[in-house]
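The values are calculated or read from the model by the stated rules, or taken from the named source; none is laboratory data. The shown structure was predicted, so the numbers you read here are calculated from the model rather than taken from an experiment. Positions of Cβ are backbone-derived with ideal geometry, glycine not excepted, and every protein chain shown enters the neighbour counts. Surface accessibility is based on the protein's heavy atoms, side chains included, excluding ligands, DNA and RNA. Shrake-Rupley method; radii C 1.70, N 1.55, O 1.52, S 1.80 Å.
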Amino acid sequence: MKVEFNLDPFDLAGISKSDVSRSARKDILDEVTAYLTDAIKKDVKDATSPVTGDAFQALSDAYKAKKKAAGKGTKANLIFSGKLIDSIRVKATSGEVNVTVLKSQQDKADGHNNFSGDSKLPERKFIPNEDNGESFRKGILDEIVKIVESRVEEDKAGTSTTISATDFLRG
């Protein structure tokens, strides 16, 4: 099962895409993509779920000892080799933002997010499962709404005072 999540930042903010210029839509998607990438990685590094906002379940004693012996600390932050965290991909696609991991890390991502329902690993959700009605934690969603609203206001202010060269020449 593919581990991915799609988010429509415009819908989240209650704003119709048709009310926003094409360039502002692109800017919004780019800014949300950058923000979401940073927010997910920061939460995970802090051993906190960007989905629930809760701390990740502690490592088992055996795994904690293995991780510590490898010089990787003792936090349940999904970072051992670094491959999983480095494989997170947040991309703008068709007016939405898609969050997933590289194909090579899908099984590991499913192990911690348990989209399949078959995992025996401790849940450490870092990508919401749309099929279960999950989304990102409130603080992340609130920041996305702020980004959209701010950029929409800038777009409205810019379009009301900007005239095209053709209109200028017509007088």
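List of remarks:
- Sorted on the mean count of surrounding Cβ atoms within 10 Å across their residues, most packed first, peptides 132-142, 101-111 read 101-111, 132-142.
- Label-point separation, Glu130 to Asp38 (7 Å along Cα→Cβ), nm: 2.6
- Here the peptides 1-11, 86-96 are ranked by packing, the mean other Cβ count within 10 Å, and the order with the highest first is 1-11, 86-96.
- All Cα pairs of the chain, percent lying beyond 22 Å: 50
- Calculated [θ] (222 nm, deg cm²/dmol) that DSSP helices of n ≥ 4 give over the chain, each run adding -39,500 (n - 2.57): -14500 deg cm²/dmol
- Simple spin-label estimate for Leu141 and Ser16 in nanometres, 7 Å along Cα-Cβ: 2.4
- Rounded to whole Hz, the Karplus (6.51, -1.76, 1.60) HN-Hα couplings of region 31-36, x for glycine and proline: 5, 5, 4, 5, 4, 5
- FRET efficiency for the pair Glu154 and Asp86, taken as 1/(1 + (r/R0)^6) with r the Cβ-Cβ distance and R0 = 41 Å, rounds to 0.80.
- The residues of region 1-105 have, on average, 54 Å² of accessible surface per residue, using a 1.4 Å probe with all protein chains present.
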